[in-house]
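Before any comments, here is the structure.
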Amino acid sequence: MIFNSLSFVCFFVAVLIIISSVDKTIHSIRLRNILLLVASYFLYGSFNATFLLILLYVTIVNYIAPIEISRNNESRKRILLVAVVLSLIPLFTYKYLDFFLKCVVGVSHYPSQLEWVGNLVLPMGISFFTLQALTYTIDVYRGKIDDRQNFIDVALFVSFFPTILSGPIEKARNLLPQIERPSGVSLKNITEGAMVFIYGLFKKVVIADRLSSYVDWAYGSYDYMYGGTLCLAAVFYSIQIYCDFSGYSDMALGVAKCLGFNITRNFSFPYFAVSVKEFWHRWHVSLTSWFTEYVYFSLGGNRVRLKARWVFNISMVFVLSGLWHGAAWNFLVWGGLHALYYLIEHFLGLQKKEFELPKVLRLPSGIVVFALVTLAWIFFRVSDMEQAAAIIGKMLTFKTFSVAIGSSAFSFTCNMALLLFFMVIEVLAYRKFLLDERKELFIHWKDVVLTVLLLLMVAMFGVQTDHFVYFQF
């Protein structure tokens, strides 16, 4: 039951009606949260009911640990360590054990006793809800939030259905207070939420899913493709993964808004960035924030004596970010490339506070950043390193740089027109002409017209798929 399915729309409308009725008649926050918790578990269990046990296990660990940390001042560091290890055991087992045994231990083939390792199915959203749960325990340990005795509230925080599958990764100090003191369902919230949801749906089913067919076609037969075709496929994939993931995040944002919750905006026009540092302030904001606060600062951040130690801290954040996305060498290469970009930019002095990029260089700089990010996405998309090297080699061969349009000239032309339409919307939104959340009256006639137009686009050009790229993480 994914966000771009009719079954989810029916499910959410039912939840919205029930929660709205509770808000207006019974006025019980406890009942409201119980119903939302049931809805969250029902949605997650609809993919695989057995995965609910893992979700419940992670929740219990991160419910008990903060209480024990508050009670036992002398043992609080030990309790934190135990809680982190216990929370990460399912994530490591399902996501990294196979990679660890094959690449670190050197197991070439599994004996009969370990065949189950290769057959493990990764629970959806485990990387997201595990990190989200840990924010509660770590923040209690750091004194940024008090422990909660109410298990329902903590369980809802960990399993909140708009965020459980692919984020955003909410911090406890942002979402828990909203769970305890909800703003409630209102017409304004529903209207704003619906508009954001529809824009996310457009990005997903009209842009991302249509571009994916060309990308799959080009990468699937890369041996027979010219460099120009593979360059276009790489650019399309950059846009595809942005529209796919940011589309999901917008839909999650819209669903939460309808229910009266304000969650993190996960993307802030990342392809308008003019530096790699700025790109990471705009791309997957919740994950970047998580690694910055809970990994980078824990390692010492930039408050270290040796420059080499700082380089290590930065590199570790990017490498772990790559590893978080998947247990494979291509993700490590992707993370390593971004670490290299970041460090080169730093040592060139482009990240100094006093450095200001001239306006005339902003567009060329933005193009360079987009090109570097697109190059790294190739390793993200293609799991085989030899295949990635072959694709890049062909892209750099200018003797055969023609571009193929794919299986259908009409489909290619249609995709290009839709892509141009999307880019215009992004520019206008970036310039605060459309969908400006800073306005006191967010619902403007321009946004209403845009929303109606987007719905028509979804109806006419939408492609139905049953997955999001980031569901595999």
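FYI, it's all coordinate maths here, none of it is from the lab. Given the structure is predicted, the values throughout are model-derived calculations rather than measurements. Glycine also receives a Cβ, built like all others from the backbone with ideal geometry; neighbour counts cover every protein chain displayed.
Give the residue list of trypsin sites (Lys or Arg not before Pro) in region 234-304 that are DSSP loop and have at most 11 other beta-carbon atoms within 10 angstrom. Listed in order of number, the matching sites are R303.
The alpha-carbon of K203 sits under 13 angstrom from the alpha-carbons of these aspartates and glutamates, leaving out residues fewer than 8 places away in its chain: D244, D250, E426.
With 27 Å as the limit, the listed pairs K204/K257; K171/K359; K102/K171 have K171/K359; K102/K171 beyond it between alpha carbons.
Can you give me the relative contact order of region 212-343 as a percent, contacts being Cα pairs under 8 Å and 6 or more apart? Computed over region 212-343, the figure is 13 percent.
Assign one of three labels to region 6-184, namely rounded, prolate or oblate, based on the Cα gyration tensor with a ≥ b ≥ c the square roots of its eigenvalues; rounded applies when a/c is under 1.5, prolate when it is not and a/b is larger than b/c, and oblate otherwise. The shape class here is oblate.
Taking R0 as 25 Å, what FRET efficiency do you get between H346 and C103 from their Cβ-Cβ distance, rounded to the nearest 0.05? Walk me through the numbers on the way to the answer.
On the way: r = 30 Å, r/R0 = 1.20.
With R0 = 25 Å, the Cβ-Cβ based efficiency is 0.25.
In a DSSP loop and with at most 16 other Cβ atoms within 10 Å, the trypsin sites (Lys or Arg not before Pro) in region 139-224 are R142, K144.
Identify the residues of region 302-333 with backbone N under 16 Å of a label point that sits 7 angstrom from the Cα of K144 along the Cα-to-Cβ direction, or state none. The answer is 302. When the helices of the chain are scored as -39500 (n - 2.57) per DSSP H run of n ≥ 4 and the total is divided over every residue, the value at 222 nm lands at -20000 deg cm²/dmol. Packing-based ranking of 228-237, 63-72, 80-89 yields 228-237, 63-72, 80-89, ordered from highest to lowest mean Cβ neighbour count within 10 Å.
In summary, the helical segments of the chain meeting the span-like criteria, namely a full DSSP H run, a Cα extent along the axis of 18 angstrom or more and a mean Kyte-Doolittle hydropathy of at least -1.0, are 6-21, 29-45, 51-71, 76-91, 126-141, 187-202, 227-258, 307-325, 329-347, 362-381, 409-430, 445-461.
Potential lengthening of the chain between E386 and L81 amounts to 105.9 nm, from the contour at 0.36 nm per residue minus the alpha-carbon distance. Within a straight-line Cα-Cα reach of under 16 Å, K353 can be paired with the following lysines, leaving aside sequence neighbours fewer than 8 residues apart in one chain: K277. Working from Cα pairs under 8 Å separated by at least six residues, relative contact order for the chain is 18 percent. Ordering V140, Y94, T50 by the projection of their Cα atoms onto the charge dipole of region 6-184, which places +1 on the Cβ of Lys and Arg and -1 on the Cβ of Asp and Glu, puts V140 at the extreme positive end. How far is it, in nm, from the label point at V117 to the one at D223 when both lie 7 Å from their Cα along the line to the Cβ? Here the modelled spin labels are 3.2 nm apart.
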